[in-house]
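Undergrad: Supplied in structure tokens, the structure appears directly below.
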Amino acid sequence: MIRDLIIKNRSYRRFFEEVAIERRTLRELVDLARMSASAGNCQPLKYIISCEPQKNALIFPHLAWAGYLEDWPGPCEGERPAAYIIILGDTKVSKSFGCDHGIAAQSILLGATEKGLGGCIVGSVQRAKLAKALNIPSVYEILLVLALGKPRETVVIERVAPRGDIKYWRDSESVHHVPKRSLDDIIVG
Ligand SMILES: Cc1cc2nc3c(=O)[nH]c(=O)nc-3n(C[C@H](O)[C@H](O)[C@H](O)COP(=O)(O)O)c2cc1C
């Protein structure tokens, strides 16, 4: 079951924007992150949740999408995320956040997948502009933005040849292909 969930949990970048996600659902997803591992159990992560169109519109312009798809500027109106979870590092708690935010992101996305939703981790964020747009106090470092919604695209995993190209690509049917290295290629000892 965990394998099925992980395989279903792809990075989705096009959504049915009109399918709203309730604040309660976002809180449940953050609760999964709350229960996840944290170095030294410091728990330095804080969260901003957004599911209102007005707030979503303040977040979207500061995100970069699918760098390898050079001709695609990102999701158009109607296909944008219905919600976001912004993962912050609270510098009052710790000055370094290790990989806590990666673990939190995966917990949230697996939870979203289980609920029939999907999302994308966005690390390419114009952080100063986003902080200004949402009035985020400087004590919080913006670590990752999770875009969430009901997926409107098909994503398939394919095998990358040893030393082959790892760039994801989109075919003429708009199916998104994600090459993954083989197991034998990554177990090195
Ligand atoms: C730390 C991190 C940052 C990422 N940042 C972005 C990003 O800024 N924009 C984007 O479109 N995708 C981003 N992604 C998604 C990756 O492109 C995606 O995970 C990769 O293409 C593999 O696809 P998969 O998640 O379906 O396996 C990020 C993923 C991770 C783990």
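The values are calculated or read from the model by the stated rules, or taken from the named source; none is laboratory data. Quick caveat: nothing in here was measured; it's all calculated off a predicted structure. We place every Cβ from the backbone using ideal geometry, glycine too, and count neighbours over all the protein chains shown.
Undergrad: Looking at region 131-147, which of the residues that are surrounded by fewer than 17 Cβ atoms within 10 Å (Cβ to Cβ) and without any contact (Cβ under 8 Å) to a residue 12 or more places away in the chain is nearest to the ligand (Cβ to nearest atom)?
TA: Checked region 131-147; the qualifying residue nearest to the ligand (Cβ to nearest atom) is Lys132.
Undergrad: Filtering region 73-86 down to residues that are exposed (fewer than 15 other Cβ atoms within 10 Å of the Cβ) and either closer than 12 Å to Leu146 by Cα or of a type outside the set (Asp, Glu) (or both), which residue is nearest to the ligand (Cβ to nearest atom)?
TA: Our first condition is that a residue be exposed (fewer than 15 other Cβ atoms within 10 Å of the Cβ); within region 73-86, this holds for 73, 76-78.
From what's left, either closer than 12 Å to Leu146 by Cα or of a type outside the set (Asp, Glu) (or both): 73, 76, 78.
On the way: Pro73: 11, Cys76: 15, Gly78: 18 Å.
Among those that are exposed (fewer than 15 other Cβ atoms within 10 Å of the Cβ) and either closer than 12 Å to Leu146 by Cα or of a type outside the set (Asp, Glu) (or both), it is Pro73.
Undergrad: Being away from the ligand (no atom under 13 Å from the Cβ) and of a type in the set (A, V, I, L, M, F, W, C) narrows it down to one residue among Ala105, Ala128; which is it?
TA: Details: Ala105 fails: away from the ligand (no atom under 13 Å from the Cβ).
Every option except Ala128 fails the conditions.
Undergrad: Which one is surrounded by the fewest Cβ atoms within 10 Å (Cβ to Cβ), of the residues in region 24-47 that are within 16 Å of the ligand (Cβ to nearest atom) and not in a loop (DSSP other than H, G, I, E, B)? Let's see the steps before the verdict.
TA: The initial filter retains those residues of region 24-47 that are within 16 Å of the ligand (Cβ to nearest atom), namely 33, 36, 45.
If we keep only those that are not in a loop (DSSP other than H, G, I, E, B) too, we end up with 33, 45.
Working: Ala33: 23, Leu45: 25.
Taking the candidates together, the pick is Ala33.
Undergrad: Then there is this: For region 1-23, which positions are more than 15 Å from the ligand (Cβ to nearest atom) and either hydroxyl-bearing (Ser, Thr, Tyr) or under 12 Å from Ala83 (Cα atoms) (or both)? Reasoning before the result, please.
TA: Pass one, region 1-23, residues more than 15 Å from the ligand (Cβ to nearest atom): 1-2, 16-23.
The answer is Phe16, Glu17, Glu18, Val19, Ala20, Ile21, Glu22, Arg23.
Undergrad: Return the pairs, sorted by first residue and then second, in which the second residue is basic (Lys, Arg) and buried (at least 18 other Cβ atoms within 10 Å of the Cβ), the first residue lies in region 45-65 and is at negative phi, the beta carbons are less than 9 Å apart, and the residues are 6+ apart or on different chains.
TA: Every condition considered, the pairs that remain are Asn56/Arg80; Ala57/Arg80; Phe60/Arg80; Trp65/Arg13.
Undergrad: Where the second residue is in a strand (DSSP E or B) and modelled with pLDDT of 95 or more and the first is more than 10 Å from Val155 (Cβ to Cβ) and lies in region 1-17, which pairs have Cβ atoms under 6 Å and are six or more apart or on separate chains?
TA: Listed pairs, sorted by first residue: Phe15/Gly149.
Undergrad: Something else: What number goes with the only condition from (1) within 13 Å of the ligand (Cβ to nearest atom); (2) surrounded by fewer than 19 Cβ atoms within 10 Å (Cβ to Cβ); (3) over 21 Å from Phe60 (Cα atoms) that Gly116 does not pass?
TA: Single failed check for Gly116: (1).
Undergrad: Here is a follow-up. Output the number of residues of region 38-64 satisfying the condition of being over 15 Å from Leu26 (Cβ atoms), hydrophobic (A, V, I, L, M, F, W, C) and either in contact with a strand residue (DSSP E or B) (Cβ under 6 Å, 6 or more places away or on another chain) or at pLDDT below 95 (or both). Break it down stepwise before answering.
TA: As a first pass, look at region 38-64 and keep what is over 15 Å from Leu26 (Cβ atoms): 38-44, 54, 57-58, 60-64.
With the extra rule that they be hydrophobic (A, V, I, L, M, F, W, C), the set shrinks to 39, 42, 57-58, 60, 63-64.
Subset that is either in contact with a strand residue (DSSP E or B) (Cβ under 6 Å, 6 or more places away or on another chain) or at pLDDT below 95 (or both): 63.
Residues flagged as over 15 Å from Leu26 (Cβ atoms), hydrophobic (A, V, I, L, M, F, W, C) and either in contact with a strand residue (DSSP E or B) (Cβ under 6 Å, 6 or more places away or on another chain) or at pLDDT below 95 (or both) within region 38-64 amount to 1.
Undergrad: Please go through region 165-189 and pick out each residue that is more than 11 Å from the ligand (Cβ to nearest atom), of a type outside the set (Ser, Thr, Tyr) and exposed (fewer than 12 other Cβ atoms within 10 Å of the Cβ). Step through it out loud before you land on a result.
TA: The first filter runs over region 165-189 and keeps only residues more than 11 Å from the ligand (Cβ to nearest atom), leaving 165, 170-175, 181-189.
So of that shortlist, the ones also of a type outside the set (Ser, Thr, Tyr) come out as 165, 170-171, 173, 175, 181, 183-189.
Scanning region 165-189 gives Asp165, Asp171, Glu173, Leu183, Asp184, Ile186, Ile187, Val188, Gly189.
Undergrad: Report every pair of residues separated by at least 6 positions or lying on different chains whose Cβ atoms are under 7 Å apart, first residue within region 165-181 and closer than 11 Å to Val155 by Cβ and of a type in the set (Lys, Arg), second part of a loop (DSSP other than H, G, I, E, B) and within 10 Å of the ligand (Cβ to nearest atom).
TA: Matching pairs, first to second residue: Arg170/Leu69.
Undergrad: Identify, please: which residue in region 102-120 is over 11 Å from the mean Cα position of the chain (by Cα) and not acidic (Asp, Glu) and is, among those, nearest to Tyr140 (Cα to Cα)? Write out each step before concluding.
TA: Going through region 102-120, the residues over 11 Å from the mean Cα position of the chain (by Cα) turn out to be 103, 111, 113-117.
Still in the list and also not acidic (Asp, Glu): 103, 111, 113, 115-117.
Details: Ile103: 18, Gly111: 25, Thr113: 28, Lys115: 29, Gly116: 31, Leu117: 28 Å.
Residue satisfying both the conditions and the ranking: Ile103.
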